[in-house]
Structures are given as C-alpha cells and as structure tokens.
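Step one of this worksheet: look at the structure below.
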Amino acid sequence: MSSLTNLFDNEDRYQDVYCNGFSRIAMKDVVLKEVSQYFDDNVMKKMTDAFPADDQFNLLGVGVGEGHHELHFLKSLGSHFTSIRNVAVEPNQSLFETFKTNAAAWSSDDKSNHDSRWFTGPLSQFFSENPLAKCQYNLISAIHSMYHTGDLETTFTRLMSMLKDNGIKIIVLSECKLIKETFLQNTWLPLSFRVTGKSLSDEIRKVSEQKGYTVSTKKLDITLDLTDLFDEESELGDKLADFITCTAYLRKTASAEKLDALMSFWRSLCSQEEDGRMRTLSHESIMVISK
Ligand SMILES: C[S@@+](CC[C@H](N)C(=O)[O-])C[C@H]1O[C@@H](n2cnc3c(N)ncnc32)[C@H](O)[C@@H]1O
C-alpha cells in the first residue's frame, strides 16, 4: 500500500475535490442562499443598529475558501457602511484566488471606501504573526471552517475577544454523521485535525452561554446524494471519497481491504430511495453570537 496523503497537503486536489466534488452534492447553492437570507434579515439589522454608517467597519473571515459567503456579506454591508476593511484568512491559495478576484471586481464597482487584506495560512499562524490579529472587528465569520482551527473553546474565545462591543460572530457548522463517524472509526486516516464525538454547535452554545453571549441558531437539513461514491468508475465518486476521508486519491492509495470496509460502512449509513439514489442527511446550523 502507498502512503496516504492528507488532502490539505495537496492544495490543487483539495480545491478540485471541494469545488467539483463535495460542493456538487452538498446543495452549496441552497446553503449560500439560506445563509445570505439569514444574514440580510437578522445580522444586518443588528450591525446597522449597533454601529454608525461611517464607523470603520472591520470584517474578519476565517477559512473563507472561495469566499462566496463573505462576498455576499461585503455587498450587503457596503450598501450601508461607507468604510469597510475586509480581512480574510485561508491556507489554500487555489481557493483563495477566487475570493480575491471577486472582491476586487466588487470593490471597483462599489462606491464605499473598501480595503482588503489577505492572509494565506492557517488561523493559528495569523494569530501568532499578523498585526491584524490585534485589530477589533465588527463581524467575524467562520463558515464551515471551525472543524479545522484547533481547540474549539480556545479558538472561539480568542475570536470573541477580537470583536468590538456589540460585534457579531457568524458560524456555520454541519453535523454529518457519515463524515464524523468515518473519522472516529478509522484512526488510520492521515487527519491533521481533531475529531470528537461531541456536537460542535452544542459546544459553541455551551461556551457562549457560560460567557454571557447571546446565541441565535437556525437549523437546516441538507440531503447529500452519495450515489457516485458507490461507483468505482466515477471520478465524482473518487472526489467524494477524498473529501469524506480528507485524504488525497484515497481510492488509488488505500488498501483494498480498508476500502471495502469503508464502502460497507458508508452503505450502512445511506438509504437507497425509490429512484435508486443513495442519500444521507447532514444537519447544518447557522449560529449568530452577539457580544
Ligand atoms: C469546508 S471548507 C469551507 C470553505 C468556505 N468557507 C465555504 O463555506 O465554502 C473549509 C475551509 O477551511 C480552510 N481551513 C483548513 N484549515 C484551516 C485553518 N487551520 N485555518 C483556517 N482555515 C482553514 C480550508 O482550506 C477550507 O477553505
């Protein structure tokens, strides 16, 4: 058996797997629409009530990927606030390029005084070496990224300390049994992050309440169509297997024995529906925490 490579160590493969694999079956357009609507209906009101339109508005995005969510936040914020600083942290250069290009196009069209700062690297490195980690932010976003940023309570507390009074943190997390159980039961996978059996959204709610922050949550059920995962010839199936295990080219590099065990396990967590497709559910939470 060849040695297995953590997917995060192969940036181009991660980009391909995320954008052309997992995003295709995880209803990412629906999630983006729901988060954008929730932001416009709830977060914008809190922000415009708490901060004057001419405040220096600072937005920090953590693990932004291609930045589709943050671009929406910028567009909505830009309709009210006249001066916005957009700070984005993302280790994957290939994904980051899309956000840089889209944000540059938006800021050249927009009349507000807009400035973007890009940090390519993990959040821990941003904390330890970038002066912008000492800045105070009106809004911090972490959309599907807090699985990867180290000890949850420490990271969460540090990020909350970087918010201005009345600032807001918006977090999106998914509880997908298939992915979580894959990591918990297959300790041979080359993971770079810690997975526990606990629900991350419950942990965040608990820490927030202990510290006296207000939390509002909206839940979404997302159906994942994993049919291609069970087709050995499917390229989409290869990408889904890589994302679920966070391993580059899993189906080419893991032993036949381990692959068979994984496939049986994945089958047991999917249901085959009347149309013959294999599906499972992912429970997503949009959490808004007010300081
Ligand atoms: C599931 S993707 C989500 C991307 C994007 N926020 C979205 O919703 O489409 C997770 C993101 O977290 C980033 N990431 C991984 N480790 C990280 C770390 N230590 N610090 C910050 N971001 C990290 C990945 O590169 C990836 O872009």
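Each reported figure results from applying straightforward, stated rules to the coordinates on display, with no laboratory input. All figures in this text were calculated on a predicted structure; none of them were measured in a lab. Cβ: placed from backbone, ideal geometry, glycine included. Neighbour counts: every protein chain shown.
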- Averaging sequence separations of C-alpha pairs under 8 Å and six or more residues apart, then dividing by the length of the chain, give the relative contact order as a whole percent. 24 percent
- Item | Eligible lysines near Lys252 by straight Cα distance, threshold 19 Å, same-chain separation 8 or greater | Lys239
- Message: Loop-only trypsin sites (Lys or Arg not before Pro) in region 108-159, please: DSSP not H, G, I, E or B, and at most 10 other Cβ atoms within 10 Å.
- Response: Lys111
- Under the 7 Å Cα-to-Cβ spin-label approximation, His80 and Gln185 lie apart by a distance in nanometres of 4.6 nm
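For region 180-248, which GluC sites (Glu not before Pro) are both in a DSSP coil and crowded by at most 16 other Cβ atoms within 10 Å? Spell out each step's value before the answer.
Values: sites: Glu181, Glu203, Glu209, Glu232, Glu233, Glu235; in loops: Glu232, Glu233.
Passing sites in region 180-248 are Glu232, Glu233.
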- So how do 61-68, 252-259, 277-284 stack up, highest first, on mean other-Cβ count within 10 Å? 61-68, 277-284, 252-259
- Query: How would you rank Phe73, Phe39, Phe183, going from fewest to most other Cβ atoms within 10 Å of each one's own Cβ?
  - Reply: Phe183, Phe39, Phe73
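Determine, for Arg251, Arg267, the number of other Cβ atoms within 10 Å of each Cβ, and report the residues in order from fewest to most. Walk me through the numbers on the way to the answer.
Values: Arg251 19, Arg267 14.
Arranged by neighbour count, lowest to highest, Arg251, Arg267 become Arg267, Arg251.
A 21 angstrom limit on the alpha carbon distance is what I want to check against. Which of Lys28/Lys219; Lys75/Lys219; Lys46/Lys75; Lys177/Lys211; Lys75/Lys206; Lys177/Lys218 exceed it? Display every interim value, and only then the final one.
Working: Lys28/Lys219 15 Å; Lys75/Lys219 24 Å; Lys46/Lys75 16 Å; Lys177/Lys211 29 Å; Lys75/Lys206 32 Å; Lys177/Lys218 19 Å.
From the list (Lys28/Lys219; Lys75/Lys219; Lys46/Lys75; Lys177/Lys211; Lys75/Lys206; Lys177/Lys218), the Cα-Cα distance tops 21 Å for Lys75/Lys219; Lys177/Lys211; Lys75/Lys206.
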- Task: Starting from the Cα of Ser161, step 7 Å along the direction of its Cβ; do the same at Ser216; then give the gap between the two resulting points in nm.
- Result: 2.9 nm
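Do the sum for the chain: with -39,500 (n - 2.57) for every DSSP H run of n ≥ 4, divided by all residues, what is the mean residue ellipticity at 222 nm, to the nearest 500 deg cm²/dmol?
On the way: 12 runs with 118 residues, N = 291.
The helix contribution divided over the chain gives -12000 deg cm²/dmol.
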- Cross-link reach list, lysines versus Lys180, counting only Cα pairs under 16 Å and skipping chain neighbours closer than eight places: Lys198
- Query: Among Ile179, Ile170, Ile143, which one moves the most in a GNM of the chain with springs linking Cα atoms closer than 10 Å?
  - Reply: Ile179
